[in-house]
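Since the structure comes first, as structure tokens, the remarks are kept for the end.
The values are calculated or read from the model by the stated rules, or taken from the named source; none is laboratory data. Keep in mind it's a predicted model, so treat the numbers as computed, not measured. Please note: Cβ atoms are built from the backbone with ideal geometry, for glycine as well, and neighbour counts cover all protein chains shown. Accessible surface areas use protein heavy atoms only, side chains included; no ligands, DNA or RNA. Shrake-Rupley method; radii C 1.70, N 1.55, O 1.52, S 1.80 Å.
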Amino acid sequence: MMSKHLFFFLAFCVFAGCKKDAPSPDPKDPDTSSLVMKMDGRDLSLDEKAIQALYYADEGEVTGALEISGQLPEDERIVFFLDEAKAQTINLSQHFPAVIGLSFNGANPLLDSGAGDAGRAPDKLATTKITATTQGTFTVPVYVKYVTQTNQLFAVSGSITVKLDGDDLTFDWDITFKDADGRTFPSKGSATIKDYKANLKPRAQINNPGANLSITEIAPDYGKAGTEVTLKGTGFSALKEENTVKLGDVSLEVISASATELKVTVPEDGTHGHFSVSVLGATAESIAIFHYEPIVESTDKESAKVGDEVTVTGEHFDADPQLLEVKVGEHVMEITSATLTEIKFKVAADTESGRITVARKGKDPVEGPELEITTTAPATGIPIEELFEIVEGNLTIEEILPNNNEYGAVWSMQIDETNHTLYAVTVDNLISINLSNKSVTHILGPTHAIMKNDLVAQNNPAGILQAIYPTGDGYLYGARNIFAAVLSANNVFKLDLQSKAHSFLGSAKVYNGASGQAIFFTSDKKFYIPEFGSFSVSGSTYGLASYDENMKNRNSMADKIFPSAANFKQLIPTGANSFRAVGIHSGKRSYRDVTNGNIGEETDWNEALAPLLPGTLVGMDHSNGNFYALFNEAVTDGEKRQANYTIGTATGNGIFVKKGVFTIKKSFEYGGDIYYLNSLYNNFNIFAADKNGSIYILIQTPIDGQYNEVLPGAGGIYRISF
């Protein structure tokens, strides 16, 4: 035995003294664990006191994994991990970053374990607490790790040859490492592990040496192209080329790298998004989002007035308008829609000329072009005192929009009670009016598919939309008049009021020739539409029908409401899924309530309406549990008629209370005769009530037989409060 010891001792002395590149130096003592090696030009040897071996195997396993760690001088270490402790030659593949930081001892995802890092000497082992997960799904590949005073280096290539001799295991290696500067250097050596299974551990305690890849911080998280951003986290490679960094789908060049910090430059062609880092197949994404500073390129207007919509074009805006702020001067605008490249805003009341600025909320604004706010006085109609005379009651009348406005005389209107907005239809425009400040927004013009007139003369009101119904959630439903939609296959539409996107629904046209409120869309996505004569979708005579939200699955209510179209006067929404159908026939006024498609009994309304009669119905509406009605009674005969208009309200099904009487006293001469302006019931809605208890009436501009305005711009929309 002594001769053996002497032989190995002499062999080691020759190795150490000559310092030749022996590819497989022999261990110095075959009776104890030992290791001899060359590392980056240094010759090193370890005895069993500096070596620790852990054998990982579960019950019943023939072959387990082996982890051998050796403590080197100057507190450096080398660690070998063999996934199978058997005779073999292993060609190394790189599974971990070539260089990671010292703080990352890895993680075992299988078990809450007290197992240490076997790469340390026995008196310097660290423990790692791990959250338990399903066992048996976690494997660690073969690796060699060299721990210096500054980093952990993993072999990037090479081979390991393993031999077994009973309970002893020997292995030779010839491998290559790479340092943080990208310099490669070799290591060669040989080791003997005596009784390699002696220190048995369950597989669940195998330690994963790879750092958990994560991005914990990006700084800054806002800026323009060219901004340098620092990504902080864990598991990065200290070699720049081993880190792949992206902002969204755009790849970025890594400027500098360490195991915990990467620096990149924000690219020109990127957009708001998360940063991601990929290292050797593993990928981590930042929770935080990097936002680009907005770029304002242009606007579609150099001047505008209050209520106008202005479009700002640029880059790096946001699809969520709530995250942006637009100002003209110091005045905040109302953003109506936004995308990454376009913002639409409405010029707010009291805005003065100034520079447009766009900001991501919480960040500094970016300047755009100047916007001139025109100071020309808005159109005003006939003075109230020349138009109205209060006959009875405490009434207050104010102008909302005169018919001499820039979009043309109004012929139909409907109120969005929720948003306190009134939508008005002219012969070729759809507009909205903010009832709080009377500002007007143009929505659609004559070239839009919804407003387009196929055959009828463009100035003929018979071609305008027959009905509109705003739902209060950003959408408006309606029906084109069949005379304007002759060439169309269908005429019921849905309009997104922000984006102006629209769709025509169903495969047929509907027509109402009797009701001023010709469409109702419920919260459970059903249409209710009065149908008239041979133009109805079914070809039936008169009545009411319901459809689903796609204008399909028609359910006829013909002859269940009133016996003729001439008797069907109004469809009044009373709730999210209910309405009241009002009729005048057989010398009486009556109604039927419809709730969730169920039609109630016909109820005589004469007694309740008696305080407002006699007279002709101008319009009815419902708000906050109250009904509002307007009747007029002629005080002169024929088309020259002047009328007294009586306003009344009723709570629920109670008796109407008269609130006042007025007359429209403005007269005009035509064809040698004297006529009066009026607000008369027609096939369009001209009456509405708001959530505050005020009513709105439309006084029509008189036209001749060729649809020319006889008194241009006369009349308009007026609010009456009491």
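Annotations for the structure displayed:
- When both bridge partners sit in the range 303-421, DSSP labels roughly 90% of those beta bridges antiparallel.
- Per residue, in Å², the accessible surface of the range 386-443 once ligands and nucleic acids are set aside, probe 1.4 Å: 35 Å²
- When Rg and the Kirkwood radius Rh are both evaluated on Cα atoms of the range 256-331, their ratio Rg/Rh stands at 1.15.
- Around the Cα centre of the range 386-488, unit charges on the Cβ atoms of Lys, Arg, Asp and Glu (plus for the first two, minus for the last two) sum to a dipole of about 500 debye.
- Residue-span extension gain [T447 to V391] - 0.36 nm each, minus C-alpha spacing: 15.8 nm
- Length added when fully stretched, L323-N708, from 0.36 nm per residue minus Cα-Cα: 133.8 nm
- Carbon + sulfur, % of accessible area of the range 287-414 - ligands and nucleic acids excluded, 1.4 Å: 48 percent
- Taking 0.36 nm per residue of sequence separation and removing the Cα-Cα distance, the T161/S436 pair yields an extension gain of 90.5 nm.
- Pairwise Cα separations in the range 207-316 fall into 5 Å bins from 0 onward with the following percentages, short to long: 2, 12, 21, 20, 13, 8, 7, 6, 5, 3, 2, 1, 0, 0.
- Protein accessible area in the range 181-276, 1.4 Å probe - carbon and sulfur %: 45 percent
- Checked against a 20 Å cut-off, the cross-linked pairs K452/K509; K438/K500; K305/K666; K301/K327 give Cα-Cα distances beyond that limit for K438/K500; K305/K666.
- Taking N as its residue count, the alpha carbon Rg of the range 142-255 over 2.2 N^0.38 Å: 1.50
- Distribution of pairwise C-alpha distances over the range 576-677, 5 Å bins, in %: 2, 11, 19, 20, 16, 11, 9, 6, 3, 2, 0
- DSSP-defined antiparallel bridges as percent of all bridges, the range 194-306, nearest 5: 95 percent
- C-alpha center-to-center spacing [the range 659-705, the range 605-650] in angstrom: 13 Å
- Excluding ligands, DNA and RNA, the accessible surface per residue across the range 188-231 is 41 Å² with a 1.4 Å probe.
- Rg/Rh ratio calculated on Cα atoms of the range 358-500 (Kirkwood radius): 1.05
- Share of Cα-Cα pairs in the range 426-488 lying beyond 21 Å, as whole percent: 25 percent
- Accessible area per residue, Å², the range 285-333 with all protein chains present, probe 1.4 Å: 47 Å²
- Eligible aspartates and glutamates near K86 by straight Cα distance, threshold 17 Å, same-chain separation 8 or greater: D58, E61, E67, D165, D167, D168, D172, D195
- Estimated FRET transfer efficiency when R0 is 30 angstrom, pair T271-D473 (beta carbons, to 0.05): 0.55
- When each of the peptides 158-170, 643-655 is scored by how many other beta carbons lie within 10 Å of its residues on average, the order from highest to lowest is 643-655, 158-170.
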